Amino acid sequence: MMSMNKKSLTKLEYNKIIDQLVANASSQRGKLLCRNLMPMTDLAQIETSQEQTAAAFTRIVKKGRVNFSDAYPMEESMKRLEVGAILSTAELLRVGKVIKTAGHVKAYGSHDTADDLADCLDTYFDSLDPLTTLRNEIDRCIISEEEISDDASSTLRSIRRNISAINDKVHATLTNLVNGSLHSYLQDPIITMRGDRYCVPVKSEYRGQVSGMIHDQSSTGSTLFIEPMAVVKLNNDLKELYGKEQEEIQVILARLSVDTAEYITEIRTDYRVLTELDFIFARGALALDMNASKPVFNDEGRIYIREGRHPLLDSKKVVPITITLGKDFSLLIVTGPNTGGKTVSIKTVGLLSLMGQAGLHIPAGDRSELTVFTQVYADIGDEQSIEQSLSTFSSHMTNIVSFLNDVDEHSLVLFDELGAGTDPTEGAALAIAILSHLHSRGIRTMATTHYSELKVFALSTPGVENASCEFDVDTLRPTYRLLIGIPGKSNAFAISKKLGLPDYIIDNAKEHITEQDASFEDLLADLERSRRTIEQEREEISAYKREIETLKSQTLQKQEKVEEQKERILREAKEKANTILREAKDVADETMKNFRKFGKENISAADMEREREKLRKKMKDNSSGGVLAQAKPSKTYKPSDFRLGESVKVLSLNLKGTISSKPDGKGNVFVQMGILRSQVNISDLEIIEEETGYTAKNFQKTSSGKIKMSKAMSVSPEINLLGKTVDEAVAELDKYLDDAYISHLKSVRVVHGKGTGALRAGVHKYLKRQKNVKQFHLAEFGEGDAGVTIVEFK
């Protein structure tokens, strides 16, 4: 374990993380293990601990949290058993609860299905022994700490039966006395107990009238509590039975203790494993509470925290930061305004490093990297001490001196406002000297500062990098974003002007700034503007790349669908042609057979004519089945009426298409009909008059001023399935989506209504199976809500 500087632990608030961890444990030893958790320096131990935390996290997500509160300490009771002592009722109950908890936890740890993968916690669960026989015996004999069950032994049951019988006799006898001969002598007609004897309250003046033993008297002496002679023997018998009952209870406890002593090793193992699992699951529960993830450790001194959040800040308000250290640079200098997040940044690095090395998951993005530090030193916060008469500067310097000689290349050093609290020139020089010393030794260091000299030092020194906390001058608020590579710009003048400080005072202040300082601040401003421009352009480029990828994917899918349709049409045409050929061959064979028969036999001319007529009719039927009746256009067209892109209907094929070439001298044009492109004469064409009512960007304007829509606009962006059954709706939706996809619509609206939800469920089930559907979701409020589904194509 790491021997950590307690002051650094306190400054980084590691103890508060431990408090949260302890709150997630439920057993006494589990809480103690959490309380004593310290960061480790052995990489193998850290990896093992991280694996355990990850396994517990996964199990909690799948099965919920498990309770270890009944894992009571067992060592003292086990030592007493080893020397032959008899355990008390309470001790045996605690043993029963421990092994009962072991049974529950073992069942929790079992894998429900064969698909569940084994993890590093399986060995813990496998080593638990629920000791079912012993647990059942303890449960059978002991009801509570004050009560042993009648079923514990036949002797105990017999004794208690006799006790009950004598009690009944005593009550019956006393009741007769109270309501009979003694009634007038009693202070109150009741039966009471004094010690373990039944008595009646007798008035002191009638002492001689009631024979019996006096056991007590009231504070005033007016009432005597007398045990009547009639029940003295019964009470003596009762007392004797109570003694026998206690003796039998000791016999039972001795027997249970002997049974328990046979499993001392198993009980110790159960207790140890249960409390260690409590410790491990407390880490998993903390990771779940923090929405934390498992860091990746390296031994190369490299830190890469992705979207890290300080675990003690409100998770809904904290701004995630991304920090790198130890790869391209070992020293990071953070600048920026007060309350801008500088201190939180270095605290986040320090605290997350400590948490990771303690086996805890860290509140950061997946694949965040941490390294193993043997020491973490932090000089953070106001160290002013009135008792020691030390100034802020002196107390900070005292703290720095205390660890400066102990740091090495495996240490992490964190400075907050290094060199502050003294003359700015000397403070800046001193800060540069300390940082240069650490940097020359390759020690990973982060420091926050207001000094411009340190910004220049970072810009001019290899292996040192600037960073800043972003500040919005317009709103006078920090954004808490950490920008690595950009030094912080002083915003004092801008903030003062925004707050209403007169311009002449600000202008006068600027005159006291040297030209070199002003140029440096202007350089920082230019860098910031360039950074924002580059980020914006990078985002635009990324958006363009995503759009190009989407279009490429859509084009490939469209091409695949066209190829599939082409292959299907050709396959069907070949099958139909083969069928026709087979029928023709059969007819020819039958005809040749008949003519041979007519030549050999004496067949009449009338029979031959009938056969010829039958063959002619069959040929006519086949011809009529393969050729459609030639339709005529509704009006006569001129070649000039057919323009490129014109929507037409090919009458002989009863198909719609688009003109893709100008008419030649014979009046022939090429028409695109879906995936088919064919040459057709204009006499076989009819121009389709499209309806208007679409937005202007979907129209084409011809030279004659007429507006013609593209083929894509013949498909509506919405389909209404209201009133249809699921089967009817799916059939209609299937054809509609094919048309919409071929027409290059990016998305469509499917109106199915709310109703019982059956139609919506059927539509969604169908959409999940469609390869061309990228995603679908219910419409937003005001667009149809749950009654409309928006479908987006790939």
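Some observations on this one:
- Rounded accessible area of I541 (nearest 10 Å², 1.4 Å probe): 90 Å²
- Accessible surface of H410, taken over heavy atoms with a 1.4 Å probe and every protein chain present, rounds to 90 Å².
- A simple rule links phi to the HN-Hα coupling: the Karplus curve 6.51 cos²θ - 1.76 cosθ + 1.60 with θ = phi - 60°, which for the stretch 52-69 gives 4, 4, 5, 5, 5, 4, 5, 5, 5, 5, 7, 10, x, 7, 10, 9, 10, 5 Hz, with x for Gly and Pro.
- Length-normalised contact order for the stretch 199-261 - Cα pairs under 8 Å, 6+ apart - percent: 27 percent
- What the stretch 283-370 shows is 36 Å² of accessible area per residue, with the surface traced by a 1.4 Å probe over protein heavy atoms.
- Whole-percent carbon and sulfur share, accessible surface of the stretch 1-100, 1.4 Å: 51 percent
- Ranking of M38, M213, M74 by solvent-accessible surface, largest first: M213, M38, M74 (1.4 Å probe, protein heavy atoms only, all chains present).
- Electrostatic bookkeeping for T550 treats Lys and Arg as +1 and Asp and Glu as -1; over the other residues with beta carbon under 12 Å from its beta carbon, the sum is +3.
- Note on the stretch 719-794: Lys pairs 8 or more places apart or on different chains, Cα atoms under 17 Å apart, count 15.
- H450 accessible area, assembled protein chains, probe 1.4 Å, Å²: 90 Å²
- What the stretch 1-137 shows is 51 Å² of accessible area per residue, with the surface traced by a 1.4 Å probe over protein heavy atoms.
- Where K100, K735, K327, K203 fall by accessible area, highest first, once all protein chains stay in place (1.4 Å): K327, K735, K100, K203
- Formal net charge of residues neighbouring T53 (Cβ-Cβ distance under 10 Å; K, R +1; D, E -1): +1
- Extended-chain gain in nm, criterion 0.36 nm per residue less alpha-carbon gap, I548 and E145: 137.5 nm
- Each residue, L499 and N236, gets one label point 7 Å from its Cα in the Cβ direction; the gap between the two is 9.8 nm.
The values are calculated or read from the model by the stated rules, or taken from the named source; none is laboratory data. These numbers were taken from a predicted model, which means no experiment stands behind them. Cβ sites come from the backbone with ideal geometry, for glycine too, and all protein chains shown count toward neighbours. Side chains included, ligands, DNA and RNA excluded: accessible areas come from the protein's heavy atoms. Shrake-Rupley method; radii C 1.70, N 1.55, O 1.52, S 1.80 Å.
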